[in-house]
Amino acid sequence: MKKSLIALLSLCAIAALLALSCTMPDQTPAADAYTWDRFFAESVQEVSIDGQTRYLIEGDILASEMAEVRQYYDSMLEEPEDGSRATVNVIRKSGKRYADTYNSTVRWNITYKISTAINATTRTNLEWALAQWEGVAGVDFKNITGSSATPVFTIRNATASEENAMPGVIASAFFPSYSNKTLILFNDFYELFASGTFYGWDQKAVLLHELGHGVGLRHEFIWTKNSAGTWTQTGETSAEAYLMSAARDDYSIMFYPQYSAYKGNGRLSSEDSRWIAWLYP
């Protein structure tokens, strides 16, 4: 999640993603295709961290490989084989497309470790957020902090190099298929919420959002652009974007709170609960 998306993304692109409603594609298709080059230019920041290239997608999803970025782009344009909703990240398996989720073995033993540098309040909020997802989905998170075992994912504070490479970022997350599964909390995560909320969200809301990525959920985004090249807020018209979502949930925790289209309260919506239970019955 990024404090100021202007510094990272094309604001008009993301605002449109968040502000539009989704309708059946029975109107005139959008004139401009959502190409890979356009997606990368508008929604991805390539950064160098200690000599290694990383890709920050839409302000808070940190990919280690270009293939993971491409996978994210592909998931916006095609229907997966298993019928999963398009707010779920999608991966390819044997030439077919499926929801990016933990398999039937891992889902009941999603182990994690929390860095000892994270303060007690944040640890409590992390455990709360994990319990919220665990309470509505068929998953089981297990804290193995202190053991020698390798966890499925880790939670830690950002390094100085990460802070310098990604200024303005509040937190970054991952998808189940990612090679590096780390939830990173930046200085702004602590500073912005030190005396209350930010755009109506507290630390718990940010952690819910980021952990939503961790179980496979993308942002609750759709997009369109009219023939004049202007982002519109009058309804979705492109077939590509229609495939992204059956219906937008303006209350979803997978929104960003900065935009007027969002109507939630920083907690799981009924649709969040419904769809994560569908993914992990």
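For this structure, a couple of remarks:
- Here the spin labels are modelled as points 7 Å beyond Cα on the Cα-Cβ line, and at Asn109 and Arg267 they lie 3.4 nm apart.
- Net charge of neighbours whose Cβ lies under 14 Å from the Cβ of Ala173, counting Lys and Arg as +1 and Asp and Glu as -1: -1
- Karplus-derived 3J(HN,Hα) values for region 249-264, using 6.51 cos²θ - 1.76 cosθ + 1.60 with θ = phi - 60°, are 10, 6, 9, 4, 5, 8, 7, 9, x, 5, 9, 5, 5, 6, 10, x Hz; glycine and proline are entered as x.
- Neighbour counts of C-beta atoms inside 10 Å place Lys204, Lys96 in the sequence Lys96, Lys204, starting with the fewest.
- Violating pairs (Cα-Cα greater than 25 angstrom) within the set Lys2/Lys142; Lys93/Lys263; Lys2/Lys263; Lys142/Lys181; Lys93/Lys204: Lys2/Lys142; Lys93/Lys263; Lys93/Lys204
- The Thr159 and Thr124 beta-carbon pair, evaluated with R₀ = 30 Å, returns a calculated FRET efficiency of approximately 0.80.
- Computed 3J(HN,Hα) for region 267-281, one whole-Hz value per residue from the Karplus formula 6.51 cos²θ - 1.76 cosθ + 1.60 where θ = phi - 60°, is 10, 4, 8, 5, 6, 4, 5, 5, 7, 5, 5, 5, 6, 10, x, glycine and proline marked x.
- The residues Ser64, Ser252, when put in order of fewest to most other Cβ atoms within 10 Å, stand as Ser64, Ser252.
- Glu210, Glu271 arranged by Cβ crowding within 10 Å, fewest neighbours leading: Glu271, Glu210
FYI, it's all coordinate maths here, none of it is from the lab. Please read these numbers as outputs of a predicted model, since none were measured by experiment. When we count neighbours, we look across all protein chains shown, and the Cβ atoms used for this are built from the backbone with ideal geometry, even at glycine.
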